[in-house]
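Just below is one structure, and these are the notes that go with it.
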Amino acid sequence: MEPILELQSARLLMRQWQDEDLPAFAAMCADPQVMRYFPAPLTRLESAALIGRVRGHFAEHGFGLWALERKDTGEFIGFTGLGVVGFDAPFTPAVEIGWRLAKEHWGLGYASEAAWTALRAGFDQLKLEEIVSFTAGQNAQSEKVMQAIGMHHDPQDDFDHPRLALDHPLRRHVLYRISREQWLQTLHE
Ligand SMILES: CC(C)(COP(=O)(O)OP(=O)(O)OC[C@H]1O[C@@H](n2cnc3c(N)ncnc32)[C@H](O)[C@@H]1OP(=O)(O)O)[C@@H](O)C(=O)NCCC(=O)NCCS
């Protein structure tokens, strides 16, 4: 299958990562508010390594976390995309959808807009049967995006993240799912 290198929504270009994205990406990942529901903010080196892993995922799977660029200003504002879940859990193997935006661009609907576009690519182009999303139970803002794009939550799916210590306060995660059929239904609502 042809790799999905670029997508577009009304206000966003969802594109491949450029070396020039690093300063803004590193600043975003160093922001304690953005990283509040992750174990720790990232150093510049960790952010650079993450871009490397994202590029590797695109090379291996033909899809991944697209860099988001605002069409009106040309600014890099974060990422949204699809990823193969990299750990074992009751719901794996699975493809997840995820997002991270710089704080200045919150509250404008960009995450949900990009997530709709990524979801459509997952079902339309990649022909996936289901897409999941998960986050720490405290991260209500991220859950709102999951709900906005028509994902469903069954508390029985919630799980302890295997990469976090047993006593880590963020260990408990909520899981949302959307099947191809549910997605098709949302198109007719
Ligand atoms: C999760 C995250 C991406 C959500 O960002 P967000 O800005 O709240 O989400 P959206 O871009 O979809 O914007 C929705 C908000 O914009 C408002 N909005 C304004 N204009 C809008 C428009 N044109 N369309 C849709 N919503 C719009 C909505 O009313 C909503 O506001 P509300 O939260 O007060 O109800 C952001 O908080 C983030 O990057 N967090 C840190 C990283 C993270 O936790 N990622 C998830 C880990 S799993």
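Bear in mind these aren't lab numbers, they're just calculated from the coordinates by the rules spelled out. All figures in this text were calculated on a predicted structure; none of them were measured in a lab. So basically every Cβ, Gly included, is an ideal-geometry build from the backbone, and we count neighbours across all protein chains shown.
Those residues that are of a type outside the set (D, E, K, R) and surrounded by fewer than 16 Cβ atoms within 10 Å (Cβ to Cβ), I need them from region 2-12; list them, please.
3, 5, 8, 10
Tell me, please, whether a residue that is within 13 Å of the ligand (Cβ to nearest atom), in contact (Cβ under 8 Å) with a residue 60 or more places away in the chain, of a type in the set (Phe, Trp, Tyr) and farther than 11 Å from residue 175 by Cα can be found in region 122-136.
So far as region 122-136 goes, no, none of its residues is within 13 Å of the ligand (Cβ to nearest atom), in contact (Cβ under 8 Å) with a residue 60 or more places away in the chain, of a type in the set (Phe, Trp, Tyr) and farther than 11 Å from residue 175 by Cα.
What pairs come out if I take residues in region 88-115 that are closer than 17 Å to residue 77 by Cβ and pair them with residues that are part of a loop (DSSP other than H, G, I, E, B) and of a type in the set (Asp, Glu) whose C-beta lies under 7 Å away, six or more apart or interchain?
103/31
Basic (Lys, Arg) and over 30 Å from residue 8 (Cβ atoms), is that true of residue 171?
yes
Out of 21, 31, I need the residue that is away from the ligand (no atom under 11 Å from the Cβ), in contact (Cβ under 8 Å) with a residue 24 or more places away in the chain and on the phi < 0 side of the Ramachandran plot. Which one?
21
Can you name the number of the only condition in (1) in contact with a strand residue (DSSP E or B) (Cβ under 7 Å, 6 or more places away or on another chain); (2) under 14 Å from residue 11 (Cα atoms) that residue 109 fails?
So the condition that residue 109 fails would be (1).
Answer yes if at least one residue in region 155-163 is without any contact (Cβ under 8 Å) to a residue 24 or more places away in the chain, over 17 Å from residue 37 (Cα atoms) and not small (Gly, Ala, Ser), and no otherwise.
The answer is yes; a qualifying residue exists.
Listed here are the residues, each with its yes/no results for (1) within 11 Å of the chain's Cα centre (by Cα); (2) near the ligand (Cβ under 8 Å from one of its atoms); (3) assigned to a loop (DSSP other than H, G, I, E, B).
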{"site": "66", "(1), (2), (3)": "yes, no, no"}
{"site": "69", "(1), (2), (3)": "no, no, no"}
{"site": "83", "(1), (2), (3)": "yes, no, no"}
{"site": "92", "(1), (2), (3)": "no, no, yes"}
{"site": "96", "(1), (2), (3)": "yes, no, no"}
{"site": "104", "(1), (2), (3)": "no, no, no"}
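How many residues are more than 23 Å from residue 36 (Cβ to Cβ) and either crowded, with 20+ Cβ neighbours inside 10 Å or touching a strand residue (DSSP E or B) at 6+ places or on another chain (Cβ under 7 Å) (or both) if we restrict to region 71-101?
7
Just name the residue that is nearest to residue 54 (Cα to Cα) out of those in region 106-125 that are in a loop (DSSP other than H, G, I, E, B) and hydrophobic (A, V, I, L, M, F, W, C).
Once the filter is applied, the top-ranked residue is 106.
Hey, among the residues in region 116-164 that are touching a helix residue (DSSP H, G or I) at 6+ places or on another chain (Cβ under 9 Å) and among the β-branched types (Val, Ile, Thr), which one's surrounded by the fewest Cβ atoms within 10 Å (Cβ to Cβ)?
Selected residue: 132.
Please go through region 34-52 and pick out each residue that is within 16 Å of the ligand (Cβ to nearest atom) and either within 21 Å of residue 142 (Cα to Cα) or basic (Lys, Arg) (or both).
Of everything in region 34-52, those that are within 16 Å of the ligand (Cβ to nearest atom) and either within 21 Å of residue 142 (Cα to Cα) or basic (Lys, Arg) (or both) turn out to be 34, 35, 36, 37, 38, 39, 40, 41, 42, 47, 50.
Among the numbered criteria (1) surrounded by 13 or more Cβ atoms within 10 Å (Cβ to Cβ); (2) assigned to a helix (DSSP H, G or I), which single criterion is violated by residue 60?
(1)
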